[in-house]
Structures are given as structure tokens and as C-alpha cells.
1. Considering each residue of region 1-28, count those that are over 14 Å from residue 67 (Cβ atoms), touching a Ser or Thr at 6+ places or on another chain (Cβ under 8 Å) and either in contact (Cβ under 8 Å) with a residue 24 or more places away in the chain or outside any loop (DSSP other than H, G, I, E, B) (or both), and give that number.
2. Which residues, taken from region 39-72, are farther than 13 Å from residue 9 by Cβ and hydroxyl-bearing (Ser, Thr, Tyr)?
3. Could you list all residues from region 59-77 that are buried (at least 17 other Cβ atoms within 10 Å of the Cβ), touching a residue at least 40 places away in the same chain (Cβ under 8 Å) and not in a loop (DSSP other than H, G, I, E, B)?
4. Within region 29-48, work out how many residues are farther than 16 Å from residue 68 by Cα, in contact (Cβ under 8 Å) with a residue 40 or more places away in the chain and not aromatic (Phe, Trp, Tyr).
5. Looking only at region 26-58, count every residue that is loosely packed, with under 14 Cβ neighbours inside 10 Å and in contact with a strand residue (DSSP E or B) (Cβ under 8 Å, 6 or more places away or on another chain) and tell me the total.
6. When the residues of region 53-94 are narrowed to those that are under 20 Å from residue 39 (Cβ atoms) and of a type in the set (Gly, Ala, Ser), which ends up modelled with the lowest pLDDT?
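The values are calculated or read from the model by the stated rules, or taken from the named source; none is laboratory data. Keep in mind that what you see is a predicted model, and the values were worked out from it rather than measured. Note: ideal-geometry Cβ built from the backbone for every residue, glycine included; neighbour counts use all protein chains shown.
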Amino acid sequence: MEKRYRIFVPEKGLEMVKGIQGKVVDQVVIDEDTQEQFQAKVMISEAYEEGYSELLIQERGGYVEGKWYIKIMEREEEAEEITVFESLKLGDRRGYMLRSMMSEDKEKIKKELMTEELERRWKQKKELVDKIIKKGE
């Protein structure tokens, strides 16, 4: 079974791909079978040649038309995960924005909340002690 890969290109993908065709370029590649993403030095071609695999070229709004092929020259090993395109629901994006805005001052807010909570508890205990002392008099 022949391997099939996918790459993501910005707008005007066909022009970009034609510009890099036949050249060795760094590109994030997605294995269509496993959905694994990795950085690699690749060559792209419109004509099938020995050692090339089928390629889908995804751009915003769809795929670049035509038959494309890719040859992975060198796969670069990276420790961190690469994200090419991640679609989130609107509610998840809103939640992410709120969480990221809150995380900036997270430690400061946490410290303030803890201080306020301790002060509130101390006041409650003081009031309780004062009530007990008044009853005893």
C-alpha cells in the first residue's frame, strides 16, 4: 500500500507549490494513515517519480487541484508537538481566550484570593470568640 501525505499551505497555494516544485524545502508533513505530524525536508513534484508518495495539498477552503507527489528527503526529529491547523468550537475558543487572559496574572490573583479568604475566616473566628466572651460575662 502506497503512503499518502498531506501538507498545509497558506492562501494562493498553487502558486506557492509551483514556486517550490523540484526544490528541497522544510515543511510540516502529515501522514494520512496515522495523522502524525512531523517536520521534514521534502521535494514536491507534479509527476510521479521513483521514491515519491502521493500528496494532498490543503489550503484554506479546500485542496489544491491536480495530482501531486512528495519525496521525504530527511525527517527532522522534534520533541515538541507540531500543530498545523486546529479547529475549535466557538465556545472552546472563548474559553481558551478567557483562560489565557486569566493566566497572565494567575499567581497574583491566587495570592489575593487566598489573602481575602484568610482575612474572612479570621474575622468569622474573631466574631465567634467575641460572642462567646460576651455570653460568658
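1. Qualifying residue count, region 1-28: 1.
2. 45, 48, 52, 53, 69
3. Passing the criteria: 59, 68, 70, 72.
4. Residues that pass the stated criteria total 2.
5. The total comes to 8.
6. 79
To keep it simple, each residue is scored yes or no on (1) under 14 Å from residue 63 (Cβ atoms); (2) outside the structural domain of residue 62 (by TED's automatic domain parsing); (3) in contact with a Phe, Trp or Tyr (Cβ under 7 Å, 6 or more places away or on another chain); (4) among the hydrophobic types (A, V, I, L, M, F, W, C).
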residue	(1), (2), (3), (4)
8	yes, no, yes, yes
14	yes, no, no, yes
20	no, no, no, yes
24	no, no, no, yes
29	no, no, yes, yes
32	yes, no, yes, no
36	no, no, no, no
41	no, no, no, no
46	no, no, yes, no
